[in-house]
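Just below is one structure, and these are the notes that go with it.
The values are calculated or read from the model by the stated rules, or taken from the named source; none is laboratory data. What you see is a predicted model; the values in this text were computed from it and never measured. So basically every Cβ, Gly included, is an ideal-geometry build from the backbone, and we count neighbours across all protein chains shown.
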């Protein structure tokens, strides 16, 4: 039923009123089923702390979960089969889809969710899909956070035409033309496309790094020889809607260092002489296409939806069955059962969900307000995104902020532009929350108590600090440089494009120790030797990196490549790295160049970053500790090395206190083995120091 | 009843619900749009509903249709034809039911009906239902008659523009200049093409920026292919050119009970110009577009469309600073319209209320 109807809809769509009943005529595309891959994970952390509890694609945009917009677009595009690839919060996404109208028989496409818990980037997801063999024909690759109403039949027809002519035209990128400083363009992520004016072939792709003040790009002279008319453009909204041939996932598998679809894949394919594949762009000049990839674009896309650029995907289309939005003059959308006090004022571009109560004298301008909210007397709300069940106290001021479900904003408090108040946080009376603050109640990786300074004595919640901030200070400048529509909102866009950072949420990490599921037909014996050779090669690789002083990224890439090639689990990668690092430390000590402490610091300060790509959760950390301990038993001054290594890794936030505690008190190995105990002789003192230091700092907090 | 047939009954219901759901989704996505397509799709869907429905009393069927109709209407409340068709079908069912009542209980029935309808002003639906329930249960199976009625309705929808076109020769004179501003109307196109078989005349087409420009150009192409002298003019020229125009012919999205109408944005301006020049305004419409609604709140009837058609989205600077609204329809008050040409003949706007009474039942106006 599903696929057939999809075809009919494709045939019937975008026709004038003059045409007869929809679905009467048969387009060519009806014969060909169109698959779509939806990557529900963004592999970024920009929406944290909001995405600690919910995946990005289920965040509400104008009171509708983001992924609904993506599905609407796919339904409009006449897709007949959708595969949702999920990683972080996979169970939430699965549950949502199972209960949504898309899994009902009336859905225009069949839908299937695929778990890919190990994937940490688009590249990983593609490799996983390739291994699972789900892709049979040309497919549409989108992320779960796009908003788009571009009629797709023409794009598809052009792509198919090109494919029929030339099998090497493997991909068509859909790009929306826009001015360079358009609000809907992501500030931190922009790129230069070099296109052939006549054929729209993409000849070169270069990501712009604002922080480096890029002034030039280099093009192959060959490009100028082959093509007469070139367009070098930096005015596209690139929302990563691509039509790909099945070659694309295969190419990802071949080049396992490709992670990012644009930066690595497109750039790599275009600069590679060997592959001979071509990529085309389809420039869209009307209709709407955008992607919610940062808070700044969240703000912009919300505004676009409200001002009906995305028609017919607007709030009053009531995408969800239980919605009852109605449109009123001035882009005001109200659901049924909204209670408005006589003296409150609702200004233009506002969305108000059902059963929300707005009290006397409140003023709401250009904001989105969820369901069952309470807006107190004389509260002022402008440009804010308030989700469901929020209570805003009397006389409170909320200015361009995001307020999550169930949050409570106390009387007379002031939320400055750019602030994020996550789920169920309570901000006390008369508190001012600064624009750069993100308040949350979800602990994430660290258990924390209420920060009374931030939320007031009657509040609940604490300030969220992004872990990735530490590891990527060089992005900070970029943040400062990117001036946004709302400056602070824009400044929250941590450009986190590097694939090192984890997926959104902790659930992803737990499962990640499973082997990457690429098919492996090795016999047990050969696997054994594979493991050995992996250990040897990986150690050699790390040692070489240290002696030749490689860049840490290059070293990590080399390790990653080896791991993929040998299909090795992370445990072995860790073991190899540890052995290499500690042998280096012990060499330094034995040659009397440095003392134990110095040597450990010398090596680990620089190279411990490798573990960021090898250690993901608590179990991994404990495993790492055991490996260090085991390795130290073989070394001179092993106990000193162990102590300093733990201390150093703890300082670098690679090890958490809880992991260390677990390792020391719970792991059976640390008790049985005499060597192991001996090497750990210095640890108890350090642990003592750790606990007392902790207590002291807690005491400080209390004061 | 055997269990297997009960099972298929449930399957049928499920299947029906699937059809309704996908109809709703397509309405929301505007994959079905325009009064004609919506009317046809609604009628076909209701045909399915009726053929799948089982009832012991006709009121049960009416409630079922009302429930479905309400759902359909709420998918796109501004597409009035959907509600019109639901009401037409309801009226049809009621008529069939009354016919059988009449034949069974003789002359007394119509009398009692009159009385109940008087009483029903103060009665709740529940009372009415129970009072009806007590009346002798029906013996005749109405289903085939109702289905036949809906089939006729579908035929009417299919043929309405043809029968309207049949009246074109009477309306258009030789060498007349016609102005039209609704290039999206198939009815008007057929009307003009039919007239061209007998008459020679000129058509001016206002291009109605921003929503229908391409359509206007295609419209002109089709006319000129048929040998009509067709000229596309900008909207700004309408007033200045009105002096030379013999007749304004408009299509419409919906006709309201007061004789006013909803048509492509820009229509009101053209009608006002025509009024100033005392140029007659002729509106071509199928009777299915006639809605029993009164325009108490015209704003709630006007659909607001894609902003991107007015202002290009590329203009980043403007997009941030300007509020743009793109209404798709205009409400044209009845005093600006001279005559409606329908598939039932020509009517003056003041007569529309009468047609509403003929086609719909008062109790169905609110779904």
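The table that follows gives values for the structure above.
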read-out: Filtered residues of the range A:107-127 (kept if crowded, with 20+ Cβ neighbours inside 10 Å and more than 25 Å from the chain's Cα centre (by Cα)); value: A:107, A:108, A:109
read-out: Selection within the range A:394-407 - surrounded by fewer than 22 Cβ atoms within 10 Å (Cβ to Cβ) and either modelled with pLDDT under 90 or touching a strand residue (DSSP E or B) at 6+ places or on another chain (Cβ under 7 Å) (or both); value: A:397, A:399
read-out: Residue in the range B:2-49 that is surrounded by the most Cβ atoms within 10 Å (Cβ to Cβ), counting only those that are more than 10 Å from every other protein chain (Cβ to nearest Cβ), modelled with pLDDT under 85 and within 22 Å of residue B:63 (Cβ to Cβ); value: B:12
read-out: When residues of the range A:361-381 are limited to those that are touching a strand residue (DSSP E or B) at 6+ places or on another chain (Cβ under 7 Å) and assigned to a loop (DSSP other than H, G, I, E, B), the one nearest to the other protein chains (Cβ to nearest Cβ); value: A:366
read-out: Scope the range A:317-339; condition crowded, with 19+ Cβ neighbours inside 10 Å, in contact with a strand residue (DSSP E or B) (Cβ under 7 Å, 6 or more places away or on another chain) and over 17 Å from residue A:365 (Cα atoms); matching residues; value: A:319, A:325
read-out: Yes/no for residue A:677 being touching a helix residue (DSSP H, G or I) at 6+ places or on another chain (Cβ under 8 Å), surrounded by 13 or more Cβ atoms within 10 Å (Cβ to Cβ) and at pLDDT 80 or above; value: no
read-out: In the range B:198-216, the residues that are over 16 Å from residue B:248 (Cα atoms) and in contact (Cβ under 8 Å) with a residue 24 or more places away in the chain; value: B:198, B:199, B:200, B:209, B:210, B:211, B:212, B:215
read-out: When residues of the range A:399-419 are limited to those that are outside any loop (DSSP other than H, G, I, E, B) and touching a residue at least 24 places away in the same chain (Cβ under 8 Å), the one nearest to residue A:59 (Cα to Cα); value: A:402
read-out: Contacts under 6 angstrom Cβ, first residue in the range B:15-29 being in the same structural domain as residue B:42 (by TED's automatic domain parsing), partner at pLDDT below 90 and not in a helix (DSSP H, G or I), 6 or more apart; value: B:18/A:105; B:18/A:106; B:21/A:106; B:22/A:106; B:26/B:32; B:27/B:76
read-out: Some residue of the range A:75-95 being modelled with pLDDT of 80 or more, within 14 Å of chain B (Cβ to nearest Cβ) and assigned to a helix (DSSP H, G or I); value: yes
read-out: Out of B:92, B:153, B:157, B:142, sole residue that is surrounded by 14 or more Cβ atoms within 10 Å (Cβ to Cβ), modelled with pLDDT under 85 and under 30 Å from residue B:37 (Cβ atoms); value: B:142
read-out: Test: residue in the range B:239-255 that is within 16 Å of the chain's Cα centre (by Cα) and farther than 20 Å from residue B:88 by Cα; value: yes
read-out: Some residue of the range A:345-360 being within 11 Å of chain B (Cβ to nearest Cβ) and either out of contact with any strand residue (DSSP E or B) (no Cβ under 8 Å at 6 or more places or on another chain) or at positive phi (or both); value: yes
read-out: Selected residue (only one of B:290, B:262 is within 14 Å of another protein chain (Cβ to nearest Cβ), buried (at least 23 other Cβ atoms within 10 Å of the Cβ) and either at positive phi or touching a helix residue (DSSP H, G or I) at 6+ places or on another chain (Cβ under 8 Å) (or both)); value: B:262
read-out: Residue within the range A:107-130 that is within 14 Å of chain B (Cβ to nearest Cβ) and out of contact with any strand residue (DSSP E or B) (no Cβ under 6 Å at 6 or more places or on another chain) present; value: yes
read-out: Search result, residues across the range A:162-185 that are within 14 Å of chain B (Cβ to nearest Cβ), under 26 Å from residue A:77 (Cα atoms) and out of contact with any strand residue (DSSP E or B) (no Cβ under 8 Å at 6 or more places or on another chain); value: A:179, A:183
read-out: Residues satisfying the stated conditions in the range A:113-160, i.e. free of Cβ contacts under 8 Å to residues at least 12 places away in the same chain and either under 20 Å from residue A:286 (Cβ atoms) or not assigned by TED's automatic domain parsing to the domain that holds residue A:256 (or both); value: A:154
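For every residue, the table says whether it meets (1) over 21 Å from residue B:269 (Cα atoms); (2) touching a strand residue (DSSP E or B) at 6+ places or on another chain (Cβ under 8 Å); (3) within 14 Å of chain A (Cβ to nearest Cβ); (4) surrounded by 22 or more Cβ atoms within 10 Å (Cβ to Cβ).
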site: B:164; (1), (2), (3), (4): yes, yes, no, yes
site: B:170; (1), (2), (3), (4): yes, no, no, no
site: B:180; (1), (2), (3), (4): no, yes, yes, yes
site: B:188; (1), (2), (3), (4): no, yes, yes, yes
site: B:195; (1), (2), (3), (4): yes, no, no, yes
site: B:201; (1), (2), (3), (4): yes, yes, no, no
site: B:223; (1), (2), (3), (4): yes, yes, yes, yes
site: B:227; (1), (2), (3), (4): yes, no, no, no
site: B:240; (1), (2), (3), (4): no, no, no, no
